[in-house]
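The structure appears right after this line, and notes come after that.
What follows is calculated from the coordinates using simple rules that are stated; it is not laboratory data. Bear in mind that the values here come from a model prediction, so they are computed numbers and not experimental data. Cβ placement follows ideal geometry from the backbone for every residue including glycine, while neighbour counts extend to all protein chains displayed.
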Amino acid sequence: ELTNVIENVFIISDIQRRNRQLAQEVQSTRDYLELLMRTAPIGIFSTDPEGRLRQTNRVLSRLLGSEEQELAGRSVFDAPLLRDTFLRTAVARVLTGQTSWKIRNFHFAKAGERHRVLNVHSVPLQKASGELDGVVGVVEDVTETQKRDEQLQMLSTIGLALQSVIDLDDLLHLILTAITAGPAFGFTRALIFLMDRTRQHLVGKMVVGST
């Protein structure tokens, strides 16, 4: 009997040690996930099966023009600040189809704020039983990346035009159109001045946009 008692003591001690290790691993994982949520350069969110936000990070809150505390527990379908956003679209698509949803170059702008271009990817969260448990997703702001791509495309177009035989007025119009079309360079109007024959004065040659 004494032997059994000693063996049971060792077993209990080993179980307690393993439980402590497991608790430490769980806490370490939780701390890592919280650090990831705080420092990741992309927006991160998760919801419950009804579309209420469980977690958001600072980047996502900034994209939505809100504070993290304002978003906690809010429904993406009912809350006024979320009703007309990319978040509502992403969550609705996943909850309806119960499959992942991804979109690139999603154009989004809140009232009074600058236009943004986003990549959004959301997937369903499932319990071990396979039952839908909510949605988790990431949002990447690619506004500046797309703007640079458009700028390079515009410059490439102008470069090709310069290498070909083209009428001066057509070339000037192409340049003005390139720098005012779309968000690439951010201009809404532009003027071109050329030197006159004396090379002493600038003469207005062409203008695009309101004056």
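Structure values in brief
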read-out: Mean Cβ neighbour count within 10 Å, used as a protection proxy, ranking 190-203, 86-99 highest first; value: 86-99, 190-203
read-out: FRET efficiency, residue 21 to residue 50 (Cβ-Cβ, R0 30 Å, nearest 0.05); value: 0.25
read-out: Relative contact order (%) - the range 47-173, alpha-carbon pairs under 8 angstrom, separation at least six; value: 19 percent
